[in-house]
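Take a look at this one; I'll ask things after.
The values are calculated or read from the model by the stated rules, or taken from the named source; none is laboratory data. In this text the structure is predicted, and so the values were computed from the model without any measurement. Quick reminder, even Gly has a Cβ in these numbers, built from the backbone with ideal geometry, and neighbours come from all protein chains shown.
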Amino acid sequence: MSTPGDTRDRQPTPLSTAVAVALTALTVLALLWELDDIVRPVALGLVGAVLFGLSCWLLARDHLDAVVRPLVGLLTLPVAMGLFGSAALAALLLASRLFPVSEVALFSTTALRIAGNVGVVLGTVLAALGITLGARMTVTPPVLRRYGQTTFLVALVPGLYCVAVVAQTLLAQEGADALGGDIVGLFWAWVTAVGTPVFPSQAFSLLLRWP
């Protein structure tokens, strides 16, 4: 059984923490120096990682539970936007700049470039998350359980409201099945159209449309 003294003994030393933080910061700065298109997504991800570490640190204070829970609930949205929205923001920004491509042959190269930049964003966010959480070893099963309960309660009402609005919209429209069929039909027409990245040649399109 672990004791408080054992927990303190497992804490990283100040020197090791400083070395890890310095190396991580240098690596992130070097990547951003070469890939300046992802500065804003990386900054958003870093904010989310830091706020998640702060939330875990706050939830580890049992005696302040009545004050901490509402505060962590308020931080849930920026944490989610930082940890999960940073990669989506990077993909959207790069896609808006690089698409449309001049040739179909450049589609795969451009997609790989976007995927590589998104991977860099995810890597920097994970590095910042590791530094934030590992500095004081604040992540424990009870803390994660409390954080999960808090985020669930925060997202419960908005989630149910969104589901109700979507369901009401679909049920209120006449011919909801026809609407779904139109969407599928438009998607299939795009896939089988001549000149799309999926089937760029006319032979594929004619084969799929036969007989």
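When you check Trp33 against the structure, is it under 22 Å from Ala22 (Cβ atoms) and in contact with a Lys or Arg (Cβ under 8 Å, 6 or more places away or on another chain), yes or no?
Judged against the criteria, Trp33 is not a match.
Follow-up question, since we're still on this one. Based on this model, can you work out whether Leu64 counts as modelled with pLDDT of 80 or more, assigned to a helix (DSSP H, G or I) and either under 26 Å from Leu156 (Cβ atoms) or out of contact with any strand residue (DSSP E or B) (no Cβ under 9 Å at 6 or more places or on another chain) (or both)?
Criteria not met by Leu64.
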